[in-house]
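This report concerns only the one structure given below.
Quick note: the coordinates plus some simple rules give every number you see, no bench work behind them. This is a predicted model, so every value here is computed, not measured. Virtual Cβ from ideal backbone geometry, glycine too; neighbours counted across all protein chains shown.
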Amino acid sequence: MDSITETSALNGNRSDALVRARQVCQSYDKGGAGSLVVLDKVDVTLDPGEIVGLLGRSGSGKSTLLRAIAGLIQPSGGTVEFCGRPVAGPSAGVAVVFQSFALFPWLTVLENVELGLEAQGVAPAERRKRALAAIDLIGLDGFESAYPKELSGGMRQRVGLARALVVHPKVLLMDEPFSALDVLTAETLRTDLLDLWCEGRMPIEAILMVTHNIEEAVLMCDRILLFGSNPGRVIAELRVELPQPRNRLDPAFRALVD
Ligand code: ADP
Ligand code: MG
């Protein structure tokens with residue numbers, strides 16, 4: 001770690017950004033009791049090749065910001081651009097992994113993953129091929145016909161990841177992807193993801209990850225945006241100098257954990 005900077009200095013003057021959120025505001029009506037300001041003029045950029053962490057306390061508006069970037073909500077103020085174009089709704093270029101996995105319990109692993117491609121009108125044979133490749137990539141080989149309830153939390157989140165990656169998005173947004181998992185499972189999944197990322201095997205260009213876990217942010221991210229609460233805004237930015245390789249878990253030890 002080598003520098004902490006005032007947020008405006010590093011955050012956002014380049015033109016090749018994949019995501020650029022400018023002055024994003026979000027308020028919720030409290031039904032006669034005024035409004036709750038959740039986001040206050042948030043600026044975030046995400047450049048190709050980066051893993052950026054959004055670190056903040058529970059309730060600080062991290063998920064709200066992520067949803068705005070994903071096009072799942074239209075913020076009350078400010079703009080969000082993806083590849084230089086305003087975000088008007090969900091797009092295939094931006095995929096989301098949720099804390100709670102958000103799988104369909106009545107669908108198998110393969111069907112859950114294929115679903116990501118159905119919306120894009122990909123032909124069934126191609127869908128199957130790509131879904132199997134994503135399942136294989138994320139370490140779910142052999143579980144194609146399993147239902148979510150038959151899987152551990154870590155495996156379910158792998159399905160969530162495969163479903164996000166199968167569309168080959170440019171940007172992967174992850175909302176506390178490991179926080180529903182026990183520490184060992186979380187560590188294994190983090191390590192696997194970092195391995196894939198460092199080996200260039202992830203079909204994506206950048207990751208924005210929400211977390212409230214500072215160690216996780218430091219371990220995974222090139223840049224961390226510290227989010228303050230009430231209202232949520234970026235109060236500091238930290239660049240992390242990572243040792244190479246990023247994977248710090250010794251493979252022999254890892255084999256014992258698995
Ligand atoms: P975080 O992800 O940092 O925990 P959230 O973005 O989920 O924070 O929520 C920030 C605040 O906004 C919380 O106080 C939450 O209760 C409120 N909030 C989030 N979504 C809604 C909504 N749809 N309607 C009203 N309030 C909401
Ligand atoms: Mg949240």
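The table below gives the values:
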read-out	value
Spin-label model distance (nm) - residue 35 vs residue 199, 7 Å beyond Cα toward Cβ	4.9
Fewest-first sequence of 79, 185 by Cβ atoms within 10 Å of each Cβ	79, 185
Proximal charge balance of residue 110 [Cβ under 10 Å; K/R count +1, D/E count -1]	-1
Residue 150 versus residue 111: modelled label distance in nm, points set 7 Å from Cα along the beta carbon direction	1.2
Rounded D (µm²/s) - the chain, Kirkwood Rh over Cα pairs, Stokes-Einstein at 4 °C, 1.567 mPa s	69
Rounded to the nearest 20 debye, dipole of region 77-185 from Cβ charges on Lys, Arg, Asp, Glu	220
Cα-derived Rg over Rh, computed across region 87-208 with Rh taken as Kirkwood radius	0.93
Estimated [θ] at 222 nm from DSSP helical runs (n ≥ 4, -39500 (n - 2.57)) normalised by residues in the chain, nearest 500	-9000 deg cm²/dmol
Region 20-79 and region 149-170: distance between their alpha carbon centers, rounded to Å	24
Cα gyration tensor category, rounded, prolate or oblate, for region 28-107 with a/c compared to 1.5	oblate
Sorted by Cβ neighbour density within 10 Å, fewest at the top, the residues 76, 60	76, 60
Dimensionless Rg/Rh of region 71-125 - Kirkwood Rh, Rg from C-alpha atoms	1.05
Potential extension, residue 229-residue 58 segment - 0.36 nm per residue separation minus Cα distance	60.7 nm
Dipole magnitude (debye, nearest 20) for the chain, charges at Cβ of Lys, Arg, Asp, Glu	640
Kyte-Doolittle mean at least 0.0 and Cα axial length at least 20 Å: DSSP H helices in the chain	183-198
